[in-house]
Amino acid sequence: MNSIQNIKIKETYNDVRAFSFNEKKDVASDQERINHFLDSILDFKKYLKEKTNKLNNFNIRIEKITWQNEIDDDDLMLLNDLISVAKDLHSTLFRLYASWNLFRKKGIAKVEIKEFKEAVDDFKESYTDLESVFFFLPNDIEFSETTKSLSLL
């Protein structure tokens, strides 16, 4: 007759034995999981670089628009729409950046996340400059006089 202690010992032995066997058998599977995890990190870094490159491209294009001189009311309407959409995009991208806080704390894709954040900040500066140049500064008397003086050079 088996005592209760004997039964508990056998159950524990069987559980430890089965777990030990499965761990030895799953070594290859664990390596696959690790490789999948590392591949996911590389995919995330690639994803970040693509977003950063797109933002940097937008920044260049918006800066070029800022230097345009001959703008009519239709152009101003389009610029107003562009600025509104850019503000909305900035808000979305900033929330996305904030959601990666755990990655930053763990040091995952640290450089890529930092570069993305810098591109997001530059993007805000670009559309803010665009708004200033075409909507706020033309109403500034000092700015208008300086612009006239520079155009005479």
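Taken together, the values in this text are just the output of simple stated rules run on the coordinates, not laboratory data. From a predicted model like this one, the values you see are computed outputs, not experimental measurements. Every residue, glycine among them, receives a Cβ derived from its backbone with ideal geometry; neighbour counts consider all protein chains shown.
With point charges of +1 on the Cβ of Lys and Arg and -1 on the Cβ of Asp and Glu, referenced to the Cα centre of the chain, which listed residue (9, 126, 57) lies farthest in the positive direction of the dipole? Of the options given, the answer is 9.
Please give, to one decimal in nm, the separation of the simple spin-label points placed at residue 35 and residue 61, each 7 Å out from Cα toward the Cβ. So the label points at residue 35 and residue 61 sit 4.0 nm apart.
What ranking, highest mean first, results for peptides 96-105, 8-17 when packing means the other Cβ atoms within 10 Å averaged over each residue? Please list the in-between numbers first.
Numbers: 96-105: 12.4, 8-17: 10.4.
My ranking of the peptides, most packed first, is 96-105, 8-17.
Put a plus charge on the Cβ of each Lys and Arg, a minus charge on the Cβ of each Asp and Glu, and nothing anywhere else: the dipole of region 45-151 about its Cα centre is then about 1440 debye. Ranked by the mean number of other Cβ atoms within 10 Å per residue, highest first, peptides 114-123, 50-59, 64-73 order as 114-123, 50-59, 64-73. Once Cα Rg over 2.2 N^0.38 Å is calculated for the structure shown, the corresponding label among (1) 0.99; (2) 1.29; (3) 1.98 turns out to be (3).
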